Amino acid sequence: MASEAGPSFEARVADLRGRKRVYFSRHPGDLFAAVRLEHSDLFVEGNLSANNCVRFARRVLVAVRGSDAGFRIELAE
């Protein structure tokens, strides 16, 4: 998604925050478990529960694409 949105990705996700922490940063020390995003200078928080991952993914989709329409999770055995 970062490569699709290009330079505007950072600006679109900059306001995504939790109650106590940020989810995106240019500095890995700002995050508990920083994971570097490909095609970006940003790091994302990697220490999220499964339910928080789903909620966070929806928030990112709305911030970047304007909607989370079509979002679904499929599990395979």
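See the values below:
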read-out	value
Near pairs, Cβ below 6 angstrom, 6+ apart or cross-chain, from the stretch 57-73 (surrounded by 13 or more Cβ atoms within 10 Å (Cβ to Cβ)) to any residue that is acidic (Asp, Glu) and part of a loop (DSSP other than H, G, I, E, B)	58/68; 61/68; 62/68
Residue list for the stretch 1-14, restricted to those being touching a Ser or Thr at 6+ places or on another chain (Cβ under 9 Å), loosely packed, with under 14 Cβ neighbours inside 10 Å and closer than 19 Å to residue 67 by Cβ	none
Any hit, the stretch 26-43, residues being in contact with a helix residue (DSSP H, G or I) (Cβ under 6 Å, 6 or more places away or on another chain), in a helix (DSSP H, G or I) and aromatic (Phe, Trp, Tyr)	no
Selection count where residues are touching a helix residue (DSSP H, G or I) at 6+ places or on another chain (Cβ under 9 Å), under 22 Å from residue 68 (Cα atoms) and not β-branched (Val, Ile, Thr), scope the stretch 15-25	5
Given (1) at pLDDT 90 or above; (2) surrounded by fewer than 10 Cβ atoms within 10 Å (Cβ to Cβ); (3) of a type in the set (Asp, Glu), index of the condition residue 38 fails	(1)
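The values are calculated or read from the model by the stated rules, or taken from the named source; none is laboratory data. Small disclaimer: the values here were computed from a predicted structure and weren't measured. As a convention, Cβ positions derive from the backbone with ideal geometry for all residues, glycine included, and neighbour counts pool all protein chains shown.
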